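What follows is a single structure, written as structure tokens, with notes after it.
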Amino acid sequence: MFIKNISQQVGQEVEIKAWVYNKRSSGSLTFLELRDGTGFVQAVVAKNSVTEQVWEMAEKITQESSVILQGIVSKHPKQEDVYELQVNNLSIINLSVDYPISNKEHGPEFLLENRHLWLRSKKQWAILHIRDMVETAINEYLHSVNFIRTDSPIFTPNACEGTTTLFSVPYFDLGEAFLSQSGQLYIEAAIASVGRCYDFGPVFRAEKSVTKRHLTEFWMMDAEAAFVEHEENLAIQEGLVKAIVKKCLDNCTQEFVILERNTETLKKVLEKPFVRYTYDDAIIKLNELGSDIKHGEDLGNDDEGLLTKDSDVPVFIEKWPKAIKPFYMKIDPENSARVLNDDLIGIEGSGELIGGSQREDNFDLLLERIREEHLPEAEYSWYTDLRKYGSVPHSGFGIGVERAVRWMAGIEHIRECIPFPRMVNRLKP
Ligand code: 4AD
Ligand code: MG
């Protein structure tokens, strides 16, 4: 039996296979707090209703021991919707000795060093579940609007998002390969086969950003669609973010309680269209709000906070200066110094959630941009090919999964939003 189904088993004899995450004793009663991955329940061992051998075993059990228990499910005498297991029999599969993480406060370095064990804590369990729900929502939403999953390679010969943040690895006789920063360029090829597609996987950024929002390895979902232009691209992104919020609200009640996440702010996100600023207007607005950002600069963390602080919904910043954005973005036909792109900035300090754009679909203009950026032309010949054989207007975007999880779960630091974080100063475990 799985603990999540316990309410359907009141009065029945069941067997639970679980770990003991906490234990209390009071005289002739031992309370074992159990978790089996699907949920949490308290088991009660009463000295006078079990054999002496079972009682001795209950006394011996330690935190994080793995156990099999048989007993009768009962309703908690005082709490609504809470159930217990009245134990008849139990056996220890593995007795855990000196588990290093206790219920007292531990520092972040200690916990990160013990990430392989820290994952078992209730809070981390809740975050893992929310992460799964975010990923499920992304897959479901994209299929509902006719995208299929195609995936992209991780070893690549060229850069997608600028050459300064590439990790390189030796690659047999072919010289150097780079770990992918985004699969975008590859799914741009795949749309000519399947129309709309997405990839979902780890990407790598060799940026020395030590912040609460940066990982060196993170999961990205890149989506790309043929015949979709800038406006529709934004609509798909908004639909996706709302689908993620709704899916989590519908399915993560227990997780939100564990994380003490106030969900009122999330409910409001579903009620209104997202706010939109052009980059030019965003800079004016930021200066009015007291930021010293200059036109032509990228937004900092504080700027993103300022721009979203009074908003109930995420904020799109569209049409950025061409000079600070990648080569593949399409020039705005109304202003050749701007590109048809967007960054979606989340509320509640969640920062940039999505980066997207319409892509340059004209062969000559794309080649010009590659040359302007001094990118190795030959390495991109396959990509420019796409503009030679049935090129179409197309757009896409990428969402950082851990950024979305961090926002949904209301977690301060992104390192808790991926099972095993990779950061500038951490590669272990
Ligand atoms: O804005 P970015 O760099 O966009 C791209 O890579 C495009 N090629 C995507 C596309 O159009 N298909 O990255 C997309 C998102 C960001 O908005 C952010 O959520 C996340 O990826 N991200 C990071 N997340 C964690 N750690 C980092 N170092 C991140 N860098 C970007
Ligand atoms: Mg970006």
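Which shape class applies to the range 1-146: rounded if a/c is under 1.5, otherwise prolate when a/b exceeds b/c and oblate if not, where a ≥ b ≥ c are the square roots of the Cα gyration tensor eigenvalues?
On the way: a/c = 2.47, a/b = 1.39, b/c = 1.77.
Oblate is the answer for the range 1-146, as a/c is 1.5 or above yet b/c matches or exceeds a/b.
Between the range 296-355 and the range 17-49, what is the C-alpha centre distance in whole Å? So the separation of the two Cα centres works out to 51 Å.
Using θ = phi - 60° and the Karplus curve 6.51 cos²θ - 1.76 cosθ + 1.60, what whole-Hz ³J(HN,Hα) does each residue of the range 260-270 get, with Gly and Pro shown as x? After applying 6.51 cos²θ - 1.76 cosθ + 1.60, I find 6, 8, 6, 9, 4, 5, 6, 4, 5, 4, 7 Hz. Computed over the chain, relative contact order equals 14 percent, with contacts defined as Cα pairs under 8 Å that lie 6+ residues apart. For E360, the residues 5 or more places off, or on other chains, whose built amide H falls under 5 Å of its own are M329, K330. By the rule of a C-alpha distance below 13 Å, with chain neighbours fewer than 8 residues away ignored, the aspartates and glutamates paired with K272 are E238, D312. When restricted to Cα atoms, the chain yields an Rg and a Dmax of 25.9, 85 Å, respectively. Residues considered: G27, G296, G162. Largest GNM mean-square fluctuation over the chain, using C-alpha springs under 10 Å, is found at G27. A straight Cα-to-Cα reach below 17 Å connects K294 with the aspartates and glutamates D280, D281, D302, D303, E304, E318, residues fewer than 8 places away in its own chain not being considered. Along the range 336-348 the Karplus relation, 6.51 cos²θ - 1.76 cosθ + 1.60 evaluated at θ = phi - 60°, assigns HN-Hα couplings of 6, 8, 10, 10, 8, 10, 8, 10, 9, 9, x, 8, 6 Hz to successive residues, with x for each Gly and Pro.
Just how large is the dipole of the range 69-121 about the Cα centre, in debye to the nearest 20, putting +1 at every Lys and Arg Cβ and -1 at every Asp and Glu Cβ?
Details: 5 positive and 7 negative charges, 30 e Å.
Here the range 69-121 has a charge dipole of around 140 debye.
What the phi angles of the range 403-414 give under the Karplus curve with 6.51, -1.76 and 1.60, with θ = phi - 60°, is a coupling list of 5, 5, 5, 4, 5, 4, 7, x, 9, 5, 10, 4 Hz, glycine and proline written as x. Between N89 and E105, the contour length at 0.36 nm per residue exceeds the alpha carbon distance by 2.4 nm.
Solvent-accessible area per residue in the range 112-252 equals 43 Å², computed with a 1.4 angstrom probe and all protein chains kept.
Rolling a 1.4 Å probe across the protein heavy atoms gives the range 3-94 an accessible surface of 53 Å² per residue. Charged side chains reduced to their Cβ positions (Lys and Arg at +1, Asp and Glu at -1) give the range 3-94 a dipole of some 120 debye around its Cα centre.
Full extension of the chain segment joining I148 with F172 gains 5.3 nm, where the gain is 0.36 nm per residue of separation less the Cα-Cα distance. Charge dipole (Cα centre; +1 on Lys/Arg Cβ, -1 on Asp/Glu Cβ; no other charges) of the range 51-142 amounts to roughly 100 debye. Can you spot the lysines whose alpha carbon is less than 20 Å from K104's alpha carbon? Ignore those fewer than 8 places along the same chain. Straight-line reach from K104, under 20 Å: K23, K122, K123. Helix content alone sets the calculated 222 nm mean residue ellipticity of the chain: runs of n ≥ 4 DSSP H residues at -39500 (n - 2.57) each, divided across all residues, give -9000 deg cm²/dmol. As a rough guide to protection, the peptides 288-295, 390-397, 247-254 ranked by mean Cβ packing within 10 Å, highest first, stand as 390-397, 247-254, 288-295.
Would you mind classifying the range 261-323 by shape? Square roots of the alpha carbon gyration tensor eigenvalues, ordered a ≥ b ≥ c; an a/c under 1.5 is rounded, otherwise it is prolate if a/b is larger than b/c and oblate if not. Spell out each step's value before the answer.
Working: a/c = 2.63, a/b = 1.84, b/c = 1.43.
It comes out prolate by the Cα gyration axes.
Using +1 at the Cβ of each Lys and Arg and -1 at the Cβ of each Asp and Glu in the chain, identify which of L166, G400, A189 lies farthest towards the dipole's positive end. Working it through, the farthest residue towards the positive pole turns out to be G400. A dipole drawn for the chain from +1 and -1 charges on Cβ atoms has a positive end, and of N22, G201, I331 the residue lying farthest that way is N22. The fraction of accessible area contributed by carbon and sulfur in the chain is 51 percent, rounded to a whole number (1.4 Å probe; ligands and nucleic acids excluded).
Projecting the Cα atoms of L249, S152, N88 onto the charge dipole of the chain (Cβ charges, centred on the Cα centre) puts N88 farthest toward the positive pole.
Near Y83, the amide H atoms lying under 5 Å from its own belong to H76; only residues 5 or more places off or on other chains count, and H is placed 1.01 Å from N.
For the options H230, H106, H129, a Gaussian network treatment of the chain with springs between C-alpha atoms closer than 10 Å singles out H106 as fluctuating the most. Taking the chain as a Gaussian network, where each spring joins two C-alpha atoms under 10 Å apart, which residue of R406, R131, R115 fluctuates the most? Among R406, R131, R115, the largest mean-square fluctuation in the Gaussian network model of the chain belongs to R115.
The values are calculated or read from the model by the stated rules, or taken from the named source; none is laboratory data. Keep in mind the model is a prediction, meaning the values are calculated, not measured. Here Cβ is always computed from backbone atoms with ideal geometry, including for glycine, and neighbour counts include all displayed protein chains. The area values use the complete protein model at the heavy-atom level, side chains included, leaving out ligands, DNA and RNA. Shrake-Rupley method; radii C 1.70, N 1.55, O 1.52, S 1.80 Å.
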